[in-house]
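Asks: Okay, handing you the structure first.
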Amino acid sequence: MHIMKNFYLLLIALFIGLNVQSQAIYKTIDSYKLEGKRELKIQLPRNYNPDEKRSYPLIIVLDGDYLFEPIAGNIDYQSYWEDIPDCIVVGINQATTRTDDFFYDNESFFPSHDGASFYEFMAAELLPFIEDNYNASNFRIIVGHDLGANFINYYLFKDEPLFRAYVALSPDFAPEMMYRLKQRLSILKQETFYYMATADADIKAIRASVLESDSIISTIENEKFLYKFDDFEDANHYSLVGRGIPKALNQIFTLFKPINAKEYSEKVLTFEGSPYDYLVKKYEDIEHFYGFEKKLIENDIRAIAAASNKKEDLESLEKLSKLINKNFPKSMLSAYYSGMCNEKEGNLKRALQRYKSGLLLEPSQSVDKEMMLDKMYEIQDKMKQ
């Protein structure tokens, strides 16, 4: 009983800790378009510094009353493990205005009356408000559920769509929407992600419509259009949300992800240039595609170092070492890989000096004091031989 009590106390402490890290900021925006105030929930990245030049992808969440927390939690969790970038998440509360906000005309099936006002509110007021107050990049994602998942599509019909990625969770499509989408998505000139999901126990009418839409959208031939569809088993209209969010994020940020075993064996090792060239190209592609710079991470460093060693490419390892010194001057990483490079060159005395210097630096995720000492002893043994 005592053990169980401690276990529950630990769980409570963990949840409190997570809550402290990712608490929402509550803001109210005065809207001329909506003729009133609108409440927002905002989650900023951990260690967010408004004075830094770094910018972050912006995720707009409709129905923020209930959809903000699962999305913000997923972002906080996956970005912590560097699987996706840090993001700014903004939820719009719509509990009392939802029907009006998502209203569309019964003949044109486009937003009208209050729906048109909400549509204009996004571009004319909300996005400028966020960009004026936070370091948001131009890579924007919008997320909606049922009626909200229908509404997000209207932003695709602008001459220059407001968003680069659209997450439609069990969309309750307006009439003609699926055919209009096919026509619009077929001619997009900028890379656009589109994620859609339903489930076996989804609302029957919505499920039928979504499945039909998938059969139409999946035939689109446009290299700029990136599409992913999920039909979940053992999920309903509400529970599919929890399963769709991480799947959508993984799809949207595929290129951003750390180098895994598959990428290492199929792309890094088979790359025509050096492993270092592959790393540079990967990070340049990320910046070009998403519009923001990715910070060098340890996982990718280890992968490129391993490939350089496997290919006996000392020049690649030297360039990697210099890049690490530039990005992590106060970390043991710089001393460790610099020492490795000297060791490969046969300069054991210089390698030993670099490993020793690392003891005075800060440990990293993968390199600590014990590793540095092990390398020192290993070099000293080699020097005695």
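Asks: Would a scan of region 130-139 turn up a residue that is of a type in the set (Val, Ile, Thr) and under 28 Å from Lys53 (Cβ atoms)? Spell out the reasoning first.
Replies: Initially, region 130-139 is screened for residues of a type in the set (Val, Ile, Thr), giving 130.
Filter again for under 28 Å from Lys53 (Cβ atoms), leaving 130.
Looking for residues that are of a type in the set (Val, Ile, Thr) and under 28 Å from Lys53 (Cβ atoms), one finds at least one in region 130-139, hence yes.
Asks: I would also like to ask the following. Does region 272-287 hold any residues that are loosely packed, with under 15 Cβ neighbours inside 10 Å and outside any helix (DSSP H, G or I), and which are they?
Replies: Glu272, Gly273 - these are the residues of region 272-287 that are loosely packed, with under 15 Cβ neighbours inside 10 Å and outside any helix (DSSP H, G or I).
Asks: Now a separate question. Quick check on region 192-215. Is at least one of its residues touching a Ser or Thr at 6+ places or on another chain (Cβ under 7 Å), closer than 22 Å to Asp105 by Cα and among the hydroxyl-bearing types (Ser, Thr, Tyr)?
Replies: No.
Asks: Let me ask something else. Could you pull out every one of the helices (runs of 4 or more DSSP H) wholly within region 157-258 that has 3 or more residues that are more than 19 Å from Phe102 (Cβ to Cβ) and under 16 Å from the mean Cα position of the chain (by Cα)?
Replies: Those helices (runs of 4 or more DSSP H) span 239-252.
Asks: Among the candidates Glu266, Glu312, which residue alone is farther than 27 Å from Asp86 by Cβ, free of Cβ contacts under 8 Å to residues at least 24 places away in the same chain and within 24 Å of the chain's Cα centre (by Cα)?
Replies: After ruling out the rest, the residue left standing is Glu266.
Asks: At least 2 residues that are touching an Asp or Glu at 6+ places or on another chain (Cβ under 7 Å) and of a type outside the set (Gly, Ala, Ser) in each: list the helices (runs of 4 or more DSSP H) lying fully within region 313-370 that qualify.
Replies: On the way: elements: 314-327, 332-345, 348-358.
The helices (runs of 4 or more DSSP H) meeting that bar are 332-345.
Asks: If you scan region 33-48, which residues turn out to be modelled with pLDDT of 90 or more and under 22 Å from Trp81 (Cα atoms)? Outline the logic, then answer.
Replies: Taking region 33-48 and keeping what is modelled with pLDDT of 90 or more, we get 33-46, 48.
Matches in region 33-48: Ile42, Gln43, Leu44, Pro45, Arg46, Tyr48.
Asks: With the condition kept exactly as written, say whether any residue in region 63-84 is closer than 30 Å to Arg180 by Cα, of a type in the set (A, V, I, L, M) and surrounded by 11 or more Cβ atoms within 10 Å (Cβ to Cβ).
Replies: Checking region 63-84: at least one residue is closer than 30 Å to Arg180 by Cα, of a type in the set (A, V, I, L, M) and surrounded by 11 or more Cβ atoms within 10 Å (Cβ to Cβ).
Asks: Condition (residue is over 13 Å from the mean Cα position of the chain (by Cα), under 25 Å from Glu287 (Cα atoms) and either hydroxyl-bearing (Ser, Thr, Tyr) or at pLDDT 95 or above (or both)) applied to region 85-97: is it met by at least one residue?
Replies: For region 85-97, residues over 13 Å from the mean Cα position of the chain (by Cα), under 25 Å from Glu287 (Cα atoms) and either hydroxyl-bearing (Ser, Thr, Tyr) or at pLDDT 95 or above (or both): present.
Asks: Sticking with this structure for a sec: Within region 3-18, identify whether any single residue is under 26 Å from Tyr66 (Cβ atoms), aromatic (Phe, Trp, Tyr) and modelled with pLDDT under 55, and answer yes or no.
Replies: Yes, some residue in region 3-18 is under 26 Å from Tyr66 (Cβ atoms), aromatic (Phe, Trp, Tyr) and modelled with pLDDT under 55.
Asks: If you don't mind, there's one more thing I want to ask. Working only within region 252-303, note down all residues that are over 21 Å from Ser55 (Cα atoms) and in contact with a Lys or Arg (Cβ under 6 Å, 6 or more places away or on another chain).
Replies: If the condition is that a residue be over 21 Å from Ser55 (Cα atoms) and in contact with a Lys or Arg (Cβ under 6 Å, 6 or more places away or on another chain), then Tyr276 is the only one that fits.
So that you can scan it fast, the table gives a plain yes or no per residue for (1) out of contact with any helix residue (DSSP H, G or I) (no Cβ under 6 Å at 6 or more places or on another chain); (2) among the hydrophobic types (A, V, I, L, M, F, W, C):
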{"site": "Leu58", "(1), (2)": "yes, yes"}
{"site": "Leu67", "(1), (2)": "yes, yes"}
{"site": "Asp76", "(1), (2)": "yes, no"}
{"site": "Ile84", "(1), (2)": "no, yes"}
{"site": "Gly91", "(1), (2)": "no, no"}
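The values are calculated or read from the model by the stated rules, or taken from the named source; none is laboratory data. These figures come from a predicted structure and were not determined experimentally. Here Cβ is always computed from backbone atoms with ideal geometry, including for glycine, and neighbour counts include all displayed protein chains.
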